[in-house]
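Q: The structure is given below, and queries will be raised subsequently.
Rule-based calculations on the coordinates, nothing more; no lab input. Source: prediction; values computed, not measured. Every residue, glycine among them, receives a Cβ derived from its backbone with ideal geometry; neighbour counts consider all protein chains shown.
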Amino acid sequence: MSDLAIDVKELTKTYRTPLARRKVEALRGVSFTVERGHIFGFVGPNGAGKTTTIRTLMGLIRPTTGSAKLLGHAIPSREARFKVGFLPEAPYFYDYLTVGELLDLAGRLFGLSASVRKKRAGELIARVGLERAQSQSLKKFSKGMLQRAGLAQALMNDPELVVLDEPMSGLDPIGRKEVRDLIVELRDQGKTVFFSTHILSDVEAITDRVAIIARGQLQAHGTPAELVRRTILGIDIMIRLPQEADHADLTAGAERIRRHGDELSLTLPADADVDAWLARAHAAGAKIVQIVPRHETLEDLFLREVALADAPEDGSDDAPKETRA
Ligand SMILES: Nc1ncnc2c1ncn2[C@@H]1O[C@H](COP(=O)(O)OP(=O)(O)OP(=O)(O)O)[C@@H](O)[C@H]1O
Ligand SMILES: [Mg+2]
C-alpha cells in the first residue's frame, strides 16, 4: 500500500474558452504529496487554482499535462473514488430533498446496503448538528446548514481520504470551529484530510502540512511551523530604563519604539548585533525584561508569497496568465 494519499506530479491545466478565444493557464506545473493520516491545507487567494487542482484529482476535469495518484491509483480511478469523500466548492443539491434523503442517495451511489445507509446517515446528521432540521427540505437550509449537509454527504462512504474544497466557507466562527474539530476527529480516526481554504487561522490551527498556491504555481510548502520559522523578521526587546536616561543610542536603527515611564520597547532588525546592543543597554543602567525573536506569521508568509507570485519575474511585464489564443 502506498503511504501517500495524494501524489501530484507537474500538473498543468489550460482552460480554453473558444467563444472568447482566450486561454487561462490555471495550473502551471503543480507538484506535491500528501501523506496518509495527515491534515493538509491547500491555501491560496481567489483564482489561484485550488478548485482546478481538486477537480482534477476527483476526475471531474482532465489535466492538460501531468499526472496524479489518489491512494496509489492513477486518476481518474473508480477504485480510488470509492475510498474518497468529496465536498465540492459550491455544492448543489436537489433542494426538495431532506438531508436524510440526500445522504441516502449518496450511500446508494457508493452501493451501501439500506441498513448501513440508515445507520450512517443518522450518525452523520447528529455529527454535523442537523438533527433538528431533518424534516425540512434543503431549500429551507441556510448556507451554513447546506455546508454541513455537504460535509455529511462527503463522509457517507466512510472514506480513507476526505477532499474538501473550502469546507469553512459560509460558516460563522462557531461553525468554522466545528468543522475544524471534525477534521481533526477524522484524522484521529486515521483518515487523511485535504482541504482548501483562504482562511489562514484555520490552517495554522490544525494542519500537519500546508501548501501555498498562487497563480497556478506552488509558492511554498511544509509544516506550518517550518514555513513561519524560516524567517525571523526582527527581535522584540523590552527593557526598564531609568527615567532620566537618554535612549537615543539604543533606539537608533530600531522600529516600533515605545517608551512609557521607565519601560522601553522596540524591535531590532533581524541581523542586529544583539550582544553589543545589550552591552550598551546595561551601560545605560537598563534591566532586561524580555527578548524574543519576531517570527513571520502564516499570514505574513501568505501575503509575501502571493505578492511575489504577482510580481514580474524579470522586472518587465509578467507573463500574462490570460492570453488571447
Ligand atoms: N471552467 C473554466 N473555464 C475557464 N477558466 C476557468 C474555469 N475554471 C476556472 N477558471 C480560471 O482558472 C483560474 C483558477 O481558478 P480556480 O477556480 O481553480 O481557483 P481557486 O483557487 O479555486 O479560486 P477561489 O478561491 O476563488 O475558489 C482562474 O483564473 C479561473 O478564472
Ligand atoms: Mg475555488
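Q: Quick one: net charge around D236, please, counting Lys, Arg +1 and Asp, Glu -1 for every other residue with C-beta under 12 Å from its C-beta.
A: Every neighbour counted, the sum reads +2.
Q: In whole Å, what are the extents of the range 176-238 along the principal axes defined by its C-alpha atoms, from largest to smallest?
A: Computed over the range 176-238, the largest-to-smallest principal extents equal 42, 36, 20 Å.
Q: Quick one: grab the alpha carbon gyration tensor of the range 31-164, order the square roots of its eigenvalues as a ≥ b ≥ c, and give me rounded if a/c is under 1.5, else prolate or oblate depending on whether a/b is larger than b/c.
A: Verdict is prolate for the range 31-164.
Q: Of L200, L109, P88, which is farthest towards the positive pole of the chain's charge dipole, taken about the Cα centre with +1 and -1 on the beta-carbons of Lys, Arg and Asp, Glu respectively?
A: Final value for the positive-end residue is L109.
Q: Please compare each pair in K13/K83; K9/K118; K69/K139; K50/K191; K50/K83; K13/K191 to a cut-off of 32 Å on the Cα-Cα distance and tell me which ones are over it.
A: Where the Cα-Cα span goes over 32 Å, the pairs concerned are K9/K118; K69/K139.
Q: If you restrict to DSSP beta bridges whose two residues both lie in the range 160-263, what percentage is antiparallel, to the nearest 5?
A: Of all bridge pairs located within the range 160-263, approximately 60 percent are antiparallel.
Q: With a ≥ b ≥ c the root eigenvalues of the C-alpha gyration tensor of the range 232-295, is it rounded (a/c under 1.5), prolate (a/b larger than b/c) or oblate?
A: Note, shape of the range 232-295 comes out prolate.
Q: Here is a follow-up. Quote the FRET efficiency, to the nearest 0.05, computed for A90 versus A284 with a Förster distance R0 of 51 Å and r equal to the Cβ-Cβ distance.
A: 0.25
Q: Relative to the longest principal axis of the chain, what angle (0 to 90°, nearest 10) does the C-alpha long axis of helix 143-154 take?
A: Computed tilt is about 70 degrees.
Q: Right, something else. For the Cα atoms of the chain, what angle does the longest principal axis make with the long axis of helix 114-127, in degrees from 0 to 90, nearest 10?
A: Its long axis makes an angle of about 30 degrees.
Q: Bin width 20 Å, alpha-carbon pairs only: give the P(r) of the chain as whole percents, running from 0 to the bin holding the largest distance.
A: Reading the bins upward from 0: 27, 44, 23, 6, 0.
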